[in-house]
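Contents: one structure, followed by commentary.
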């Protein structure tokens, strides 16, 4: 079975005013895979991630050159509806950021934004999203209590469920376990591997062991450049670039 490419990045450059933060990035992302973005702090990983669903549009002075094609269309084209794009390319942030609302209303927020209002439609979306995020059994009896009463790991799974509720194709995750304890981290990692059956996941991680455990592909960024990109096992066991080897063996970063 041939894996379809869902996202293609061609000659992407990004500037914050005069500062060039991304330099000629070229990558493809196959469907139903996990790609880990690794590299030292400030190397462009999160900037790149936020460019994929145009979160960087919110930063003053940002401008792009190049193309990111999602589903065959350039996401930078003037005709693109950014709200619709972010429905298809969801985002989970480093720290859990549930809304100060009930668990139910956190999950229902996105579908309501896109016009789904009736309880009869929302109830199954909420249940399905929480089940996919491996949280349903823990919260099904407290759906109308505040999401802020959940543990950190539960809050992060809630944020994943919230992203799933609008039926995305791609899930972007910016260091989703860096604020969590080891047990919660393991749950999120298991969840990501399970979600890969239905979604394409791109995750920024500082934890190279995590990249090895969960990802099919790894991309190493350094100073805004994509140094190396390939199958995870190959990149870690036999890196092509000296700078990749130096980073993964701990000689810098």
Residues in region 183-206 near a label at residue 41, defined as backbone nitrogen under 16 Å from the 7 Å Cα→Cβ point?
-> 205-206
Regarding the chain, what whole-number volume in Å³ per residue does the convex hull of its Cα atoms give?
-> 135
What value, in deg cm²/dmol to 500, does the helix sum -39500 (n - 2.57) over DSSP H runs of n ≥ 4 give at 222 nm once divided by the residues of the chain?
-> -10000 deg cm²/dmol
Evaluate 2.2 N^0.38 Å with N set to the residue count of region 89-151, then give the Cα radius of gyration divided by it.
-> 1.08
Centre separation in Å (Cα based) which lies between region 90-114 and region 3-38 = 26
How far is helix 152-164 tilted off the main Cα axis of the chain, in degrees rounded to 10, range 0 to 90?
-> 90
So for R0 = 22 Å, FRET eff. of residue 83-residue 13 from the Cβ-Cβ r, to 0.05, ends up at 0.30
What's the angle, to the nearest 10 degrees (0 to 90), between helix 103-113's Cα axis and the longest principal axis of the chain?
-> 70
With a ≥ b ≥ c from the Cα gyration tensor eigenvalues, square-rooted, and the rule rounded for a/c under 1.5, otherwise prolate when a/b > b/c and oblate otherwise, region 122-253 is prolate
For residue 183 and residue 118 in one chain, what is 0.36 nm times their gap in residues minus the Cα-Cα distance, to one decimal in nm?
-> 19.7 nm
For region 1-141, what is the convex hull volume of the alpha-carbon atoms per residue, in Å³?
-> 168
Per principal axis, largest first, the Cα atoms of region 165-231 extend in Å by 33, 28, 19
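Just so you know, all these numbers are worked out from the coordinates, no wet-lab data involved. These numbers were taken from a predicted model, which means no experiment stands behind them. In this analysis, Cβ positions are derived from the backbone assuming ideal geometry, glycine residues included, and neighbour counts consider all displayed protein chains.
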